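J.: Could you have a look at this structure, given as structure tokens, before my questions?
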Amino acid sequence: MSTAIREFLELRVKVDDVIYMPSLDAPADKPHPFVYFISIHNDSPVPVTIRGRKWVVREETGETVVVEGDGVVGQSPVIAPGEYFSYNSYHVISHPAVASGAFFGETATGDWVFCRIPEFRLEVPMWA
């Protein structure tokens with residue numbers, strides 16, 4: 001089993017959609033909630049278990065929030081070769097922002113890997 005973590009190009013993340021959702025709960029200091037839909041695709045010949053994630057959200061004011069945790073949406077999905085795992089979650093912001101990050105996984109052969117989450121914008125609509 002390898003202890004080094006490497007970028008795994010056969011695991012790719014697609015940001016399927018980002019939607020401004022003012023009806024969701026949000027604190028007064030971060031009143032703009034966005035729902036995002038993500039799919040993690042395994043193009044490799046081995047199963048991959050998603051063990052963790054790291055999100056970095058940078059608001060245009062310069063404030064940066066880093067969110068790290070185990071699994072994804074309370075799960076540690078095993079993604080079989082040629083399959084994908086889809087989920088949705090949300091971020092709250094005070095000003096327009098850019099989100100990016102990575103998912104961390106373990107292959108069936110015991111290798112620790114990561115794949116990048118493509119950067120996407122959280123644009124507060126003019127009417128908000």
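The values are calculated or read from the model by the stated rules, or taken from the named source; none is laboratory data. What you see is a predicted model; the values in this text were computed from it and never measured. All Cβ positions, glycine included, derive from the backbone under ideal geometry; neighbour counts span all protein chains shown.
J.: So which residues in region 1-32 are under 17 Å from Y90 (Cβ atoms), in a strand (DSSP E or B) and in contact (Cβ under 8 Å) with a residue 60 or more places away in the chain, if there are any at all?
T.: Within region 1-32, V13, V15, D16, V18, Y20, H32 qualify.
J.: Give region 60-79 a look and list any residue that's loosely packed, with under 14 Cβ neighbours inside 10 Å, touching a strand residue (DSSP E or B) at 6+ places or on another chain (Cβ under 7 Å) and in a strand (DSSP E or B), or say none.
T.: Result: T64, V66, V67, E68, G69, D70.
J.: Run down V18, V48, V56 and say which single residue is surrounded by 15 or more Cβ atoms within 10 Å (Cβ to Cβ), under 20 Å from A128 (Cα atoms) and either modelled with pLDDT of 95 or more or out of contact with any Ser or Thr (no Cβ under 7 Å at 6 or more places or on another chain) (or both). Spell out the reasoning first.
T.: Details: V48 fails: under 20 Å from A128 (Cα atoms); V56 fails: under 20 Å from A128 (Cα atoms).
Unique residue meeting the criteria: V18.
J.: Name the residues in region 21-43 that are under 17 Å from G101 (Cα atoms) and either of a type outside the set (S, T, Y) or at pLDDT below 95 (or both), would you?
T.: Within region 21-43, F34, V35, F37, I38, I40, H41 qualify.
J.: Considering only residues that are under 19 Å from the mean Cα position of the chain (by Cα) and β-branched (V, I, T), which ones fall in region 1-38?
T.: Residues satisfying the conditions are I5, V13, V15, V18, I19, V35, I38.
J.: Going by the structure shown, is P118 exposed (fewer than 14 other Cβ atoms within 10 Å of the Cβ) and in a loop (DSSP other than H, G, I, E, B)?
T.: Against the criterion (exposed (fewer than 14 other Cβ atoms within 10 Å of the Cβ) and in a loop (DSSP other than H, G, I, E, B)), P118 does not qualify.
J.: Does V92 meet the test of being in contact with a Pro (Cβ under 8 Å, 6 or more places away or on another chain) and under 23 Å from A128 (Cα atoms)?
T.: yes
J.: Surrounded by 13 or more Cβ atoms within 10 Å (Cβ to Cβ), without any contact (Cβ under 8 Å) to a residue 60 or more places away in the chain and of a type in the set (D, E, K, R) - does that describe any residue in region 80-90?
T.: yes
J.: Do the conditions hold for I50, that is, is it among the aliphatic types (A, V, I, L, M), assigned to a strand (DSSP E or B), under 25 Å from Y84 (Cα atoms) and in contact with a Pro (Cβ under 6 Å, 6 or more places away or on another chain)? Walk me through it before giving the result.
T.: Numbers: among the aliphatic types (A, V, I, L, M): yes; assigned to a strand (DSSP E or B): yes; under 25 Å from Y84 (Cα atoms): yes; in contact with a Pro (Cβ under 6 Å, 6 or more places away or on another chain): yes.
The answer is yes for I50.
J.: Moving to a separate point now. Can you tell me which residue within region 6-20, out of those that are of a type in the set (D, E, K, R) and touching a His at 6+ places or on another chain (Cβ under 8 Å), is farthest from F103 (Cα to Cα)?
T.: The extreme case among them is K14.
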